[in-house]
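Beneath this line is the structure, given in structure tokens, with notes to follow.
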Amino acid sequence: MFQNLPPQAPDKIIALMQQFRADPREDKIDLGVGVYRNAEGITPVMRAVKTAEQQVWDAQTTKAYTGLIGDPAFLDAMIGLVLDDAVPRADIAAAATPGGTGAIRIALELIKLANPQVRVFLSDPTWPNHPAIIDYLGIERVSYRYFDNDTRAVDFDGMMQDLKGLRAGDVILLHGCCHNPTGANLNPVEWQAVVDHIAAVGAVPLIDIAYQGFGDGLESDAAATRKVAASVPDCLIAASCSKNFGVYRERTGLLMAVSSDAAKVKRAQESMTALNRLNYSFPPDHGARLVTTILNDPALRADWASELEEVRLSMLNLRQQLAAELQRASGSDRFAFLAQHRGMFSRLGAAPELIEKLRADYGIYLIGDSRMNIAGLNAQTVPVLAKAIVDVGI
Ligand code: LMR
């Protein structure tokens with residue numbers, strides 16, 4: 001039977017991660033997979049996470065099952081972090097999921113259950129796993145323009161033109177903050193225009209918020225998601241704790257479904273619970289318990305928020321250093337966009353052959369679409385990268 005399995009194209013981010021690990025060059029630089037690294041190149045366990053782990057170890061007396069939607073205390077704590085008081089708690093159905101990807105997967109399954117003919121609008125470009133999951137589920141997808149390769153900013157006019165194609169009941173996937181892979185984000189006025197249009201058309205937003213705290217700060221990064229949730233009749237929000245709590249391998253996230261109609265919230269909750277059961281029964285608990293412990297303890301929460309802020313500022317600093325270094329190396333301002341972008345990623349807008357040259361000749365790994373993980377840099381590698389970028393002719 002296995003011979004009948006269709007060949008699977010490897011995910012380009014994960015394939016590059018493996019290629020980097022196999023590269024024997026000592027001075028290789030990994031700017032591929034979206035994982036935060038400190039100046040020493042380490043992805044540290046955050047201080048508050050370590051403390052919470054100790055507390056959980058001391059206090060936990062059982063590993064018996066939680067519930068199909070996870071621990072309600074985790075859901076309440078995360079709803080508070082993402083949505084604050086943008087909508088009443090009673091308007092939100094929620095379920096813990098294995099990471100943000102799990103939340104996206106359950107969201108898309110729920111969308112398909114509600115309407116097998118649904119169309120999902122995706123930004124061009126977007127995180128490659130979005131279209132991959134959508135195609136796997138046999139859902140129709142439509143691209144909308146998002147990134148202007150010349151200015152390396154949002155192509156807002158193109159985006160709004162393409163969103164004219166939205167119809168009532170269509171789903172539109174939006175990145176809540178820190179757009180992956182471009183790093184280019186809508187400003188508040190643009191967000192308002194998008195929300196007004198979606199509300200007028202009657203489309204349903206699905207927000208992927210995986211980098212809250214990595215862009216302009218915990219509150220600013222959630223502002224657009226809160227605005228959307230408060231402005232439309234129904235929306236879905238997939239949130240990840242992988243990056244902002246640094247618990248990547250624990251697979252911690254949640255899906256929220258928001259509606260002001262109590263009957264719709266009940267129906268969404270039933271479906272999310274059933275989909276968790278069908279897919280994996282109970283979502284992972286360890287990472288969720290750490291997050292809950294941190295968010296519900298004022299001292300731990302303050303320590304976590306301050307370490308996250310250090311992480312955010314270090315990435316902003318690297319952006320500024322790289323933009324300045326590239327200005328020196330190239331004698332032009334054409335890389336100024338790097339300091340404007342937010343989050344972990346920036347898209348250089350360079351041809352795949354040049355990105356391959358960076359890998360082959362310099363041991364510098366970027367995703368082939370020219371996405372670069374800023375957090376993979378440090379003060380020593382910034383000038384190395386700047387010189388290589390100019391040398392290869394980007
Ligand atoms: C990324 O975009 O690099 C991260 O979200 C990791 C992943 O799973 O692709």
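For the chain, carbon and sulfur atoms together expose 54% of the accessible surface, with a 1.4 angstrom probe and every protein chain in place. Note that the chain, at 37 °C in a medium of 0.692 mPa s, gets a Stokes-Einstein diffusion coefficient of 151 µm²/s from its Kirkwood radius over C-alpha pairs. Computed with a 1.4 Å probe over protein heavy atoms only, the accessible surface of the stretch 65-296 comes to 38 Å² per residue.
Relative to the longest principal axis of the Cα atoms of the chain, helix 381-392 runs at roughly 70 degrees. What distance in nm separates the two pseudo spin-label positions at GLN18 and LEU113, each 7 Å out from Cα along the beta-carbon direction? Label at GLN18, label at LEU113, 3.3 nm between them.
The 3J(HN,Hα) values that the Karplus relation (6.51, -1.76, 1.60; θ = phi - 60°) gives for the stretch 9-14 are, in residue order, 6, x, 5, 5, 6, 5 Hz. Gly and Pro appear as x.
If you sort ILE198, ILE69 by accessible surface, 1.4 Å probe, largest first, the order is ILE69, ILE198.
Computed about its Cα centre, the charge dipole of the stretch 67-153 is approximately 280 debye, with only Lys, Arg, Asp and Glu carrying charge at their Cβ. In terms of the Cα gyration tensor, with a ≥ b ≥ c the square roots of its eigenvalues, is the stretch 213-259 rounded because a/c is under 1.5, prolate because a/b exceeds b/c, or oblate? Since a/c reaches 1.5 but b/c is at least a/b, the shape of the stretch 213-259 is classed as oblate.
The gain in end-to-end length when the LYS50 to GLN3 segment is fully stretched comes to 12.4 nm, 0.36 nm per residue minus the alpha carbon separation. Taking GLY169, GLY331, GLY287 in turn, the Gaussian network model of the chain (Cα-Cα springs below 10 Å) assigns the largest fluctuation to GLY331. The shape of the stretch 44-120 comes out prolate: with a ≥ b ≥ c from the C-alpha gyration tensor, a/c is at least 1.5 and a/b beats b/c.
Can you figure out the FRET efficiency of GLN269 with ASP135, using R₀ = 30 Å and their beta-carbon distance, to the nearest 0.05? Using R0 = 30 Å, I get an efficiency of 0.60.
Beta-bridge orientation, the chain: approximately 50 percent antiparallel, per DSSP, counting only bridges with both partners inside.
For LYS264, the lysines whose Cα comes closer than 30 Å to its Cα, not counting residues fewer than 8 places off in the same chain, are LYS112, LYS164, LYS227. Model label sites at ALA360 and LEU313, defined 7 Å from Cα along the beta-carbon direction, differ in position by 4.3 nm. Taking 0.36 nm per residue of sequence separation and removing the Cα-Cα distance, the ASP391/ALA90 pair yields an extension gain of 102.7 nm.
Positive-end ranking of ALA351, VAL35, PRO283 along the dipole of the chain, with charges on Cβ about the Cα centre, is headed by PRO283. Near LEU308: Cβ cut-off under 13 Å, other residues only, Lys/Arg at +1 and Asp/Glu at -1. The net charge is -3.
Loop-located GluC sites (Glu not before Pro) across the stretch 1-63 with a Cβ neighbour count of 16 or fewer within 10 Å are GLU26, GLU40, with loop assigned by DSSP. Distance cut-off 20 Å, Cα to Cα: go down the list LYS63/LYS266; LYS12/LYS357; LYS243/LYS266 and report the pairs above it. With Cα atoms farther than 20 Å apart: LYS63/LYS266; LYS243/LYS266.
The values are calculated or read from the model by the stated rules, or taken from the named source; none is laboratory data. If you're wondering where the values come from, they're calculated on a predicted model, not measured in any experiment. Positions of Cβ are generated from backbone atoms using ideal geometry, with glycine treated the same way; all protein chains shown enter the neighbour counts. Protein only, heavy atoms only, side chains kept; ligands, DNA and RNA dropped before computing areas. Shrake-Rupley method; radii C 1.70, N 1.55, O 1.52, S 1.80 Å.
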